1. Calculate, for the chain, the solvent-accessible area per residue in square angstrom, rolling a 1.4 angstrom probe over the heavy atoms of the protein chains.
2. Determine, from the Cβ-Cβ distance of D48 and M1 and an R0 of 25 Å, the FRET efficiency 1/(1 + (r/R0)^6), rounded to the nearest 0.05.
3. Return the long-range amide H neighbours of S22 (sequence gap of 5 or more, or a different chain), with a cut-off of under 5 Å between placed amide H atoms.
4. Show me the three semi-axes of the equivalent ellipsoid for the chain, from the C-alpha gyration tensor (sqrt of 5 times each eigenvalue), largest first, rounded to whole Å.
5. Which of the aspartates and glutamates could a cross-linker bridge to K56, judged by Cα under 18 Å and excluding same-chain residues fewer than eight apart?
6. Ignoring ligands, DNA and RNA, what percent of the 1.4 Å accessible area of the chain is carbon and sulfur?
7. Under a point spin-label approximation (7 Å from Cα along Cα-to-Cβ), what is the V30-V74 distance to one decimal in nm?
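The values are calculated or read from the model by the stated rules, or taken from the named source; none is laboratory data. All values reported here derive from a predicted model rather than from experimental measurement. Quick reminder, even Gly has a Cβ in these numbers, built from the backbone with ideal geometry, and neighbours come from all protein chains shown. These area figures cover heavy atoms from the full protein model, side chains too; ligands, DNA and RNA do not enter into them. Shrake-Rupley method; radii C 1.70, N 1.55, O 1.52, S 1.80 Å.
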Amino acid sequence: MAKSEYIDNLQAVIGKMHGCGSKHVESVPVHEVFQGQTVWKGVIEVFDLVGHPKAKRGYAWAYKDGNETRYIAVLDFRPSIPR
């Protein structure tokens, strides 16, 4: 799958799951290690969200589960600090 098609698919998932638009910002490589062992290594796509009432940023990625591709999209909710 071409990179642009991959980003388009992730944007569609963000729209379907969270009801907002998105603009791709960057790709961030992530290497998660626990007790010296790699538990996950991949690339997370970062998006600015358009039209979401609370979140301004989201993160999405896909992974293979057997023959199926699974998509994950999460929103970045920053806690509000009382003044």
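1. Details: 6170 Å² over 83 residues.
Here the per-residue accessible area is 74 Å².
2. The calculated FRET efficiency here is 0.65.
3. Here the answer is V50, since their amide H atoms fall under 5 Å of that of S22.
4. Values: eigenvalues 110, 74, 24 Å².
Gyration-tensor ellipsoid for the chain: 23, 19, 11 Å.
5. Leaving aside aspartates and glutamates fewer than 8 places away in the same chain, those within reach of K56 are E26, E45, D48, D76.
6. Answer for the chain is 53 percent, counting heavy atoms of protein chains only.
7. In this crude spin-label approximation the distance works out to 0.6 nm.
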